[in-house]
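The values are calculated or read from the model by the stated rules, or taken from the named source; none is laboratory data. Quick caveat: nothing in here was measured; it's all calculated off a predicted structure. Here the Cβ is made from the backbone with ideal geometry for all residues, glycine too, and neighbour counts use every protein chain on show.
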Amino acid sequence: MGTMGIKQRDKAEWVVGKVLAEQAARRGEQPFVRIGDGPWLTYGEADAMANRAANGFAGMGMAQGDHVGVMLPNSLDYVHTWFGLSRLGAVHVAINTAYKGVFLEHVLNNCGAQVMVIARDYLGWLHEIEARVPALQTVLVPGLAAGEDGLPAFQRIETRPFESVLEAPADAPQIEVNHWDIGAIMYTSGTTGPSKGVLMPHAHLYMLGWGTVENLSLSEQDLYYIAMPLFHANAMLMQFYGTMQAGGSCVVAPAFSASGWLDDVRRSGATLTNLLGVMNEFVVRQPERPEDKDHKLRLILSIPSAPEVVTLWRERFGVQIVEAYGMTEVNIPLYHPPHREPVAGSCGLPYAPYYEVRVVNPTTDEELPPGEVGEIVVRPNEPYAFMQGYNAMQEKTVETWRNLWFHTGDAARRDEQGYFYYMDRINDRIRRRGENISSYEIEQVIGAHPAVADVAAIAVKSDIRGGEDEIKACVVFKPQCQATPEELLDLCQKNMPYFSVPRYVEFYPILPKTPTEKIQKTKLREHGISPNTWDAEAAGYVVKRT
């Protein structure tokens, strides 16, 4: 596969800090990353700041293998934190910046972090759950001034300026970090339980970037425009880490803007970018302009894209979309082969020689012939290029690894040429606004309302192309109890990320259940949206992002 002369590294070098040191030695003065329209950070500066951060964290008593929560927006603070922790051999626990209430509480308790790097804007959410996260002792806050007023009054948690960490010496710490060591934990949605922390070795992190290098022919000549949050694997690893592996440059947008996307791409001079299905849709819904083809983009990697959207991008914007398939646990095991005409609707072929992919009967795990729809299962051919389990959730690890294959919960078919076609979700995962959402955690919040006797959160089809869902809450009240849909959504807004707040609410006298009292969500999904379903958008109910 074409990599413009970039040679695959020895596996001992598949470590974030080692790749950064290599590139700093080779291209120290070259621009590496810029946040929005801010100043460039060179490879050499990034390497020096990684050493400072590593030494600063060590000076606080942190050591190799320690878990550190990171809840930061796209910023150079995020970059310095990730690189510093990686060089120290600590574990970067990436936390969604919209998490609050029971979502944030679960992540912090599951990872057991004693130290957290968190932006000032999120301190209020942390303050609300302080008593329920006993392991957390210290938070580092970028831009915090000594003795600053107006901060939440923590009873137990100590707050320090993050900048104090970066004041440490720039000498490289003498710590050997290996490709099999855990480098990060990222949380992915639960279905019948809370979100699960994916244990990601350095080799797994590396392969998420290297897949982009190989399959998009990413080189030192490229500039990646990154419009996704860095706490997700797509931005942090596929785009940002892939850029570093190739020796290229990247511009990281503070946030995605559909209306400003093309202007940002043009101004940055980007040659590559990634989009999720919903982002595709939001961009193409913008009014057409004469300058739609005035950019330097040569490829867009999109997961997933409806065939009609792929055609529209080629005709309107003059750029080719390449598809792939993956998830945090399994890396990106399917890519459209480079330099081949895309197959409409397909998410590609197995990314050999690193991964094996099959479509199997979801009941028996027997491989299905071409054309039949079954479950996607994956396993690695390269040790440690795959998740090493779910943090503190051994039973979930065993459940997903039945018969020595990882079960994705996604349905697909395979054609005679070996191309895979994603169809839908098999399990009760909900995909909305680019996020995998736990129905269980939504149900925990709504079920805490004193009037609610029973609740089920389900996915219903969205009017947005690209595999998007909307969320419907199916609610049963206790006898002589009532609540309005607005009251339930107010509770949701206080205790969950904005993207998890249901759009639809319907009240039921009873929910359909199996003989073992398990809610039959299949029947609820078949019922879908009815005349009795309340729609937040139609009612003018506004879900705030903060």
query = Among the numbered criteria (1) closer than 30 Å to LEU275 by Cα; (2) modelled with pLDDT under 90, which single criterion is violated by GLN444?
reply = (1)
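Looking only at segment 20-65, which residues are acidic (Asp, Glu) and assigned to a helix (DSSP H, G or I)?
First, pick out the residues of segment 20-65 that are acidic (Asp, Glu): 22, 29, 37, 45, 47.
Residues satisfying the conditions are GLU22, GLU45, ASP47.
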key: Flag for VAL475 being over 19 Å from the mean Cα position of the chain (by Cα) and at pLDDT 95 or above   = yes
query = If SER164 satisfies every condition in (1) part of a loop (DSSP other than H, G, I, E, B); (2) surrounded by fewer than 16 Cβ atoms within 10 Å (Cβ to Cβ); (3) touching a residue at least 24 places away in the same chain (Cβ under 8 Å) but one, which is the exception?
reply = (1)
query = Are any of the residues in segment 380-398 at pLDDT 95 or above, more than 21 Å from TRP180 (Cβ to Cβ) and in the same structural domain as PHE420 (by TED's automatic domain parsing)?
reply = no
ask   = Can you name the condition, by its number, that ARG340 falls short on among (1) closer than 28 Å to GLU220 by Cβ; (2) in a loop (DSSP other than H, G, I, E, B); (3) in contact with a helix residue (DSSP H, G or I) (Cβ under 7 Å, 6 or more places away or on another chain)?
value = (3)
message = Tell me yes or no: at least one residue of segment 18-34 is among the polar types (S, T, N, Q) and in contact with a Phe, Trp or Tyr (Cβ under 6 Å, 6 or more places away or on another chain).
response = yes
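On the basis of being in contact (Cβ under 8 Å) with a residue 40 or more places away in the chain and crowded, with 16+ Cβ neighbours inside 10 Å, does VAL177 make the cut?
Details: in contact (Cβ under 8 Å) with a residue 40 or more places away in the chain: yes; crowded, with 16+ Cβ neighbours inside 10 Å: yes.
When the stated conditions are applied, VAL177 passes them.
From LEU104, LEU72, LEU88, grab the single residue that is over 25 Å from PRO173 (Cα atoms), touching a Phe, Trp or Tyr at 6+ places or on another chain (Cβ under 7 Å), crowded, with 22+ Cβ neighbours inside 10 Å and among the aliphatic types (A, V, I, L, M).
Criteria check complete, one pass: LEU104.
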key: Test for VAL93: is it at pLDDT 95 or above and over 15 Å from the mean Cα position of the chain (by Cα)   = no
ask   = Which of the residues that make up segment 343-357 are of a type outside the set (S, T, N, Q), under 19 Å from LEU301 (Cα atoms) and assigned to a loop (DSSP other than H, G, I, E, B)?
value = VAL343, ALA344, GLY345, CYS347, TYR351, ALA352
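Filter segment 460-471 down to the residues that are in contact (Cβ under 8 Å) with a residue 12 or more places away in the chain and not in a strand (DSSP E or B) and list them by number.
Scanning segment 460-471 gives SER462, ILE464, ARG465, GLY466, GLY467, GLU468.
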query = Within the group ARG87, ARG160, ARG132, ARG156, which residue is charged (D, E, K, R) and touching a strand residue (DSSP E or B) at 6+ places or on another chain (Cβ under 7 Å)?
reply = ARG160
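Filter segment 338-351 for residues that are under 19 Å from GLU382 (Cβ atoms) and surrounded by fewer than 24 Cβ atoms within 10 Å (Cβ to Cβ) and give the result. Spell out how you get there, then give the answer.
Going through segment 338-351, the residues under 19 Å from GLU382 (Cβ atoms) turn out to be 348-351.
Within segment 338-351, LEU349, PRO350 qualify.
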Residue satisfying all of: in segment 503-524; of a type in the set (A, V, I, L, M, F, W, C) and out of contact with any helix residue (DSSP H, G or I) (no Cβ under 8 Å at 6 or more places or on another chain); farthest from ALA539 (Cα to Cα) among these = ILE519
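Of everything in segment 293-312, what is of a type in the set (Ser, Thr, Tyr) and either farther than 12 Å from CYS347 by Cα or not assigned by TED's automatic domain parsing to the domain that holds TYR225 (or both)? Give them in sequence order. Break it down into steps so the answer makes sense when it comes.
Kept after step one, since they are of a type in the set (Ser, Thr, Tyr), are these residues of segment 293-312: 302, 305, 311.
Selection gives THR311 alone.
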query = So, of the residues in segment 501-523 that are in contact with a Lys or Arg (Cβ under 8 Å, 6 or more places away or on another chain) and outside any loop (DSSP other than H, G, I, E, B), which turns out to be modelled with the lowest pLDDT?
reply = ILE519
ask   = Do the conditions hold for ILE442, that is, is it of a type in the set (A, V, I, L, M), more than 30 Å from THR311 (Cα to Cα), surrounded by 16 or more Cβ atoms within 10 Å (Cβ to Cβ) and touching a strand residue (DSSP E or B) at 6+ places or on another chain (Cβ under 7 Å)?
value = yes
query = Between a first residue in segment 473-501 that is of a type in the set (Phe, Trp, Tyr) and a second residue that is part of a strand (DSSP E or B) and modelled with pLDDT under 95, which pairs have beta carbons less than 7 Å apart while being 6 or more apart in sequence or on different chains?
reply = PHE477/ALA453; PHE499/ARG432; PHE499/GLU435; PHE499/ILE437
Per-region count, segment 266-299, residues more than 22 Å from the chain's Cα centre (by Cα) and part of a helix (DSSP H, G or I) = 8
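With the condition being on the phi > 0 side of the Ramachandran plot, I'd like the strands (runs of 3 or more DSSP E) fully within segment 68-149 carrying at least 3 qualifying residues. Reasoning before the result, please.
On the way: elements: 91-94, 115-118, 138-141.
Strands (runs of 3 or more DSSP E) meeting the threshold: none at all.
A quick yes/no check of all residues on (1) within 30 Å of VAL505 (Cβ to Cβ); (2) buried (at least 19 other Cβ atoms within 10 Å of the Cβ); (3) polar (S, T, N, Q):
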residue	(1), (2), (3)
GLU366	no, no, no
PRO380	no, yes, no
ALA392	no, no, no
ARG414	no, yes, no
PRO450	yes, no, no
ASP454	yes, no, no
